[in-house]
Every structure is written in C-alpha cells, then in structure tokens.
Amino acid sequence: MSHQMKVAAQIKNLISLKAALTELGLNFEENGMLVDYRGNNLNAVDLLVTAGGKTNRVGFKWNESAKEYELVGDFYNLNQNQKSFQDSVKQTYVKIEIASQLRAKRYSILKSKKTTEGQIIMRVRKAA
C-alpha cells in the first residue's frame, strides 16, 4: 500500500539541520558572521555554510518569533540557486526528522533511496 505525502518543512531542530547539511556534503561553522562580497560583516548567524574552507555568505538564523531557522544570505557564490538549495536542505532535513521519529516509535529503516524524480522512498518495518 502506497502513501504519498507532501511535507512543508519548518526547520526547528538544529541537530537535524546539521545532519542534513553534512549529508549534502556542506561544511558549516556555528555562530558565524555573514559577510558581503567586500568582506564586510553583515549579520550573525547560528550556522554559517562553508565550502572548501571558503564562506559562501549563506547561513541559518534562529527566528525567535516563528520558532524556526531561516535561510539567509547571498547565493552568488553557491553553485545552485536559492530555491534549489533551500529545497534540497528541506528535503534532506525532513528525511532525517522522519527517520528519527520512526526510530523513536521502534521502526527500522530497511531502505531509503531518492528516485530520479527527486522523491525519497523509505521502506520501514515495525520492530517486534
């Protein structure tokens, strides 16, 4: 039986966000400073995304009123546009959050794969 879901991700869990960035092959540093193209400090962020030791001027900042992390920065040096980057981070974040919740409910993840259409399919089994 197939169940398809569309999930609007609200990034609230810092540990899962870090795991998503790591899974996507992105380095990050905590409590970084966004800079402009001239190197001037702009905004403090909770997680500053870096690549090859070079700051991409993109990060995640906690929004206290919304109680979630916001993606902020300049996407000029990133090898993908903002929507593509945001979508890949959110999708990976949701996969990690779902896997964590499944394990908490005593499910085992037997298989997880991404289809050519970009969907993530997880095969799970309830532990005895």
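Taken together, the values in this text are just the output of simple stated rules run on the coordinates, not laboratory data. Computed from a predicted model, the values in this text were never measured in an experiment. Please note: Cβ atoms are built from the backbone with ideal geometry, for glycine as well, and neighbour counts cover all protein chains shown.
Collect residues whose amide H, placed 1.01 Å from N in the peptide plane, falls under 5 Å from the amide H of Val58; neighbours closer than 5 in sequence don't count.
Close amide H contacts, sequence-distant or interchain: Val49, Asp74.
Quick check: residue separation of Gln101 and Asp74 times 0.36 nm, minus the Cα distance between them. What number comes out in nm?
6.4 nm
What are the residues whose amide H is under 5 Å from the amide H of Asn43, where those residues sit 5 or more places off or on another chain and H is modelled from the backbone?
Leu34
If a/c stays under 1.5 just call it rounded; otherwise compare a/b with b/c (prolate if a/b is bigger, oblate if not). Do that for the range 14-126, with a ≥ b ≥ c from the square roots of the Cα gyration tensor eigenvalues.
Prolate is the answer for the range 14-126, as a/c is 1.5 or above and a/b outweighs b/c.
Efficiency by 1/(1 + (r/R0)^6): what FRET value for Asn40 and Ile15, r their Cβ-Cβ distance, R0 = 25 Å, to the nearest 0.05?
Taking R0 as 25 Å, the efficiency between Asn40 and Ile15 is 0.20.
I want to check the label-to-label distance for Glu64 and Glu23. Put each point 7 Å from Cα in the C-beta direction and report it in nm to one decimal.
3.1
Could you order the peptides 89-98, 39-48 from most to least packed, using the average number of other C-beta atoms within 10 Å per residue?
89-98, 39-48
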